[in-house]
Amino acid sequence: QNAQFFAYDVLTVLSGLAGALLVGAAFTRMLWPLGLTLGIWLLASLLLGFGMGWISVVQHGEGVSRKWQWWLLALAAAVIAVAVARVVPGRFGYWLDLGLIMFALYLCGCAVGSWLRAWVVSRSAPAA
């Protein structure tokens, strides 16, 4: 439960920093604070994915069924196609693009974190 409160504290600090940068961008009419705000959130999603990949337990179960894999793949392809074709205009299209980028960075962080965790565990395991 203490980790949950720490996560809330980190998100509060990130939100406050992002808010301060956005207010600074509004007053100065410069774009770099906006870019820095996006960079902070993209880095946060990458680090969150890395942390989740590092602490997650390796599952040796069956996982998702073949039918669900195809449905999820079709859903992902449809959402990416909508984003690439720019079907959703304006602010909602921006949110869609940003959400896809953040999700992709999160998945990359998960993959790197789990790979590094497996590498560390395999190196520290005693030789048989």
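Throughout, read-outs are computed from the coordinates displayed, never taken from laboratory work. Just so we're clear, the structure is a prediction, and the values are computed from it rather than from any experiment. A quick note on method: Cβ atoms are made from the backbone with ideal geometry, for glycine too, and the neighbour counts reach across all protein chains shown.
Rounded to the nearest 500, what is the chain's calculated 222 nm mean residue ellipticity when only DSSP H runs of at least 4 contribute -39500 (n - 2.57) each, over all residues? Calculated at 222 nm, the ellipticity per residue is -29000 deg cm²/dmol. Taken about its Cα centre, segment 13-128 carries a charge dipole of roughly 80 debye when the Cβ of each Lys and Arg holds +1 and the Cβ of each Asp and Glu holds -1. Look at the alpha carbon pairs under 8 Å that are at least 6 residues apart: their mean separation over the length of the chain gives a relative contact order of 36 percent.
When each of the peptides 77-83, 103-109 is scored by the mean number of other C-beta atoms lying within 10 Å of its residues, the order from highest to lowest reads 103-109, 77-83. List the trypsin sites (Lys or Arg not before Pro) in segment 70-117 that DSSP assigns to loop (not H, G, I, E or B) and whose Cβ has at most 12 other Cβ atoms within 10 Å. Which are they? Qualifying residues, ordered by number: ARG86.
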